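The values are calculated or read from the model by the stated rules, or taken from the named source; none is laboratory data. Nothing here was measured: the structure is a model prediction, and the numbers come from that model. Virtual Cβ from ideal backbone geometry, glycine too; neighbours counted across all protein chains shown.
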Amino acid sequence: MTSAWIGIIVLAVGCFIFKLAGLSVPERVLDHPFTRRAADLIPVALLGALIAVQVLGGDHTLVIDARLAALGVAAVLLMLRVPFLPMVLAAAATAALLRLM
Amino acid sequence: MTSDRSVITDSLGVGVATGAYGISFGALATASGLDVWQACAMSLAVFTGASQFAFIGVLASGGNPLTGALTAILLGSRNLFYGLSLAPLLRLTGPARLASAHWVIDETTAVAVTRETTRQARLGFYWTGATIFVLWNTTTFVGALAGTAIGDPRDYGLDAAVGAAFLGLLWPRLTSWGTRAIALLAAAVAIGLVPFTAAGVPIIVGGAVAVLVGLRWHVSPEDAS
């Protein structure tokens, strides 16, 4: 899987450049309300899209299966303030059990 | 004035809680087609959790690694603003800045930015960074080994765990009705595109549309009321 290695290297370099730039660039260059707001919105929007594709996406179709039930369980546990790791494990267990039935 | 000891205690608490979930990253990375070394290389060299999950999420949904890298780098762009907040506190120059940049992530920023002195900001930044770096890489390795040993990841619901992990990362950011609407809009656009576009594209386009709408409508993390 050579292409995966290329992706990983591009990702590592790209992420490092952002991290270093933040520490290096004079604050006034980037500290504009518009860029601040964009920075707040980007993770929210990308994570929303990632969840949707991860949970409902199939091979060029949408599929409703155990993944959606698992996401529902995850949402309930997050509302109950269950920590990250037990929440993820419970979601996985939900999907695994539904597939066993 | 908080004591140095309490800064270190905070750092260790955040570090241990965060470092532990490298185990889910390792397991999910191998479940989405990476080998153990690729999973470990990511935690060592990328070292920003949400972007790492995004990369394997795109791979798992059939996208190519460059699309995955682009999505993940966009998600990592927030570290730029963390760096901006940290710079005046940490006061780093030259080689020290270059060596420290790798640890500019959500958690180190959260622990360091609330400190009043450079000394305590550095204390929080390096203790949190070191704890997470050591644990995140160790647990990634353990998770990746476990992930390859168990057979079909779907039998264990690991594919469903990726969505839950993303929701866990998104949850603390859903602080206003506006941000919730933006997340839903991105999800809706992405879902709508899945049948018609190459894998990975729905995530980037859905995310971009929602960001533009959010900027246009002045959506912010706090409700205006």
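For every residue, the table says whether it meets (1) under 26 Å from A:ASP59 (Cβ atoms); (2) part of a helix (DSSP H, G or I).
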position	(1), (2)
B:GLY178	no, yes
B:ILE182	no, yes
B:PHE196	yes, no
B:VAL219	no, no
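Of everything in the range B:14-31, what is part of a helix (DSSP H, G or I) and either more than 10 Å from A:LEU85 (Cα to Cα) or aromatic (Phe, Trp, Tyr) (or both)? Give them in sequence order.
Filtering the range B:14-31 down to residues part of a helix (DSSP H, G or I) leaves B:14-20, B:22-31.
Matches in the range B:14-31: B:VAL14, B:GLY15, B:VAL16, B:GLY19, B:PHE25, B:GLY26, B:ALA27, B:LEU28, B:ALA29, B:THR30, B:ALA31.
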Discussion item. Can you list residue pairs whose Cβ atoms sit under 9 Å apart, with the first residue in the range B:197-225 being closer than 16 Å to B:PHE166 by Cβ and crowded, with 17+ Cβ neighbours inside 10 Å and the second being of a type in the set (Phe, Trp, Tyr) and at pLDDT 85 or above? Count only pairs 6 or more apart in sequence or on different chains.
Written reply: B:PRO202/B:PHE196
Discussion item. Looking at B:ARG180 and the list (1) over 21 Å from B:GLY63 (Cβ atoms); (2) outside the structural domain of B:ALA27 (by TED's automatic domain parsing); (3) in contact (Cβ under 8 Å) with a residue 24 or more places away in the chain, which single condition is not satisfied?
Written reply: (3)
Response to the item:
Those residues of the range A:37-58 which are farther than 16 Å from B:GLY206 by Cβ and either in contact with a Pro (Cβ under 8 Å, 6 or more places away or on another chain) or more than 7 Å from every other protein chain (Cβ to nearest Cβ) (or both) amount to A:ASP40, A:GLY58
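Looking at this structure, is B:THR67 closer than 17 Å to B:PHE133 by Cβ and polar (S, T, N, Q)? Walk me through it before giving the result.
Values: closer than 17 Å to B:PHE133 by Cβ: no; polar (S, T, N, Q): yes.
Here the answer is no, as B:THR67 does not meet what is asked.
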Worksheet entry | Criterion: buried (at least 17 other Cβ atoms within 10 Å of the Cβ), at the interface with chain A (Cβ under 7 Å from one of its Cβ atoms) and either in contact with a Gly (Cβ under 6 Å, 6 or more places away or on another chain) or closer than 21 Å to B:PHE53 by Cβ (or both) - qualifying residue of B:ALA187, B:ALA144 | B:ALA187
Practice prompt. Quick one: which helices (runs of 4 or more DSSP H) lie wholly within the range A:1-80 and hold at least 2 residues that are under 27 Å from B:ARG97 (Cβ atoms) and without any contact (Cβ under 8 Å) to a residue 24 or more places away in the chain?
Written response: A:2-24, A:27-30, A:33-56
Discussion item. Could you tell me how many of the residues in the range B:114-130 are under 13 Å from B:THR9 (Cβ atoms), more than 20 Å from the chain's Cα centre (by Cα) and of a type outside the set (A, V, I, L, M, F, W, C)?
Written reply: 1
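What is the residue count in the range B:93-114 for residues that are part of a loop (DSSP other than H, G, I, E, B) and either of a type in the set (Phe, Trp, Tyr) or surrounded by fewer than 20 Cβ atoms within 10 Å (Cβ to Cβ) (or both)? Quick ask: steps written out before the conclusion?
Here is the first cut: in the range B:93-114, the residues part of a loop (DSSP other than H, G, I, E, B) are B:93, B:104-105, B:113-114.
Cutting the leftovers down to either of a type in the set (Phe, Trp, Tyr) or surrounded by fewer than 20 Cβ atoms within 10 Å (Cβ to Cβ) (or both) gives us B:93, B:113-114.
Total satisfying the criteria: 3.
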Discussion item. Please count how many residues of the range B:96-117 are in contact (Cβ under 8 Å) with a residue 12 or more places away in the chain, within 14 Å of chain A (Cβ to nearest Cβ) and not small (Gly, Ala, Ser).
Written reply: 9
Worksheet entry | Total residues in the range B:1-13, condition crowded, with 20+ Cβ neighbours inside 10 Å and in a loop (DSSP other than H, G, I, E, B) | 0
